[in-house]
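Take a look at the structure set out below.
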Amino acid sequence: MSIDQARIQKPITQLGKFSARVPKDPSPEEVHKLRTNVRKLEAMFGALSLDAKSNERQLLKRIRKIHKRAGKVRDLDVMTEQLAALELEGETKCRTKLVKYLARERRRQARKLVDQVHRQRAELTSGFRKASQQVKRFLKKHEPEPSSLVAAHALELSAQLEDPARLTRGNLHPYRLKVKQLRDILQLAPGPDSRLVDDLGEVKDAIGEWHDWEELVSAAEKVLNHGSGCKLQEKVREVRDGKYRDATRAAKDLRRKYALPAKKPSRSVKIRPASLSSAAAFAGSHRPE
């Protein structure tokens, strides 16, 4: 079974278009799409071991900085949506003050994002063009080996989902990154296990929602400094705590459902698909010799 070449090339194409025609004020949808494509590109380069090559290594270095900047814009977009949808009577002044703060910060961070892309436009355009050619050459030369590389990487990531043993507020968001990576890798293959991909997506979203509310709590504490009796802050904390419980429950259910291995198995050990998760089963059927 070969990997989906069109799916691999898509993030390169989309990122190339964004860098060539970056909007002056990128919309929330454009920022989200930018971050998603960067994440997919990272997953693809890592799975195919292309991140060690000079052009791809430099390209990743540049787009990771852009990804980080875009993340700040995206956080402000999400916090604004959360605040607008929050059901709470009264506290109009507090809500308005916080909305204005988020809007100012959003404009400031969006300008920084656009400026950063503009400064690197030539390097990005060249880097994406070379990366696209490199991927084409690699797939043509090594097919069907790429599917084995993707499978092995998926197995490694699936094993990492048992670590840490205990999920806390301090490690839950980093754990989400592992979930996202495994999901992105599995989607490189044609006809991936849709149930596992969906379950990983639910955990990713649940942890992401909690983290977004955590960020809103921090923003409210920074801006609304009129004492401990603010009902808006109390409500935001209440929602945040509920989202944390939902997120940890979803992550624990994922671990139980797929019985993910606690340690990364050696590639020299024969994989038994029936005894592992769907991710490991996929990897087992494409294990390098």
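Overview of results
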| read-out | value |
| --- | --- |
| Two-site label geometry, Ser228 and Lys140: point separation in nm, points 7 Å out along Cα→Cβ | 6.9 nm |
| Neighbour-count order for Lys24, Lys10, fewest beta carbons within 10 angstrom listed first | Lys24, Lys10 |
| Least to most buried among Lys141, Lys231 (fewest other Cβ within 10 Å first) | Lys141, Lys231 |
| Calculated FRET efficiency for the pair Ser27/Asp51, C-beta based, R₀ 25 Å, to 0.05 | 0.25 |
| Pair Glu87, Arg195: separation of 7 Å Cα→Cβ label points (nm) | 3.4 nm |
| Separation of alpha-carbon centers, the range 95-111 and the range 42-71, rounded to whole Å | 30 Å |
| Cross-link table Lys178/Lys222; Lys40/Lys222; Lys17/Lys235; Lys17/Lys180; Lys53/Lys222, entries beyond 32 Å C-alpha to C-alpha | Lys40/Lys222; Lys17/Lys235; Lys53/Lys222 |
| Simple label model, 7 Å out from Cα along Cβ direction - Asp246 to Arg108, nm | 3.0 nm |
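Read-outs throughout are calculated quantities, based only on the coordinates presented, and are distinct from any laboratory measurement. Because the structure is a prediction, the values reported are computed rather than measured. FYI the Cβ positions are ideal-geometry reconstructions off the backbone, even for glycines, and counts take in every protein chain you see.
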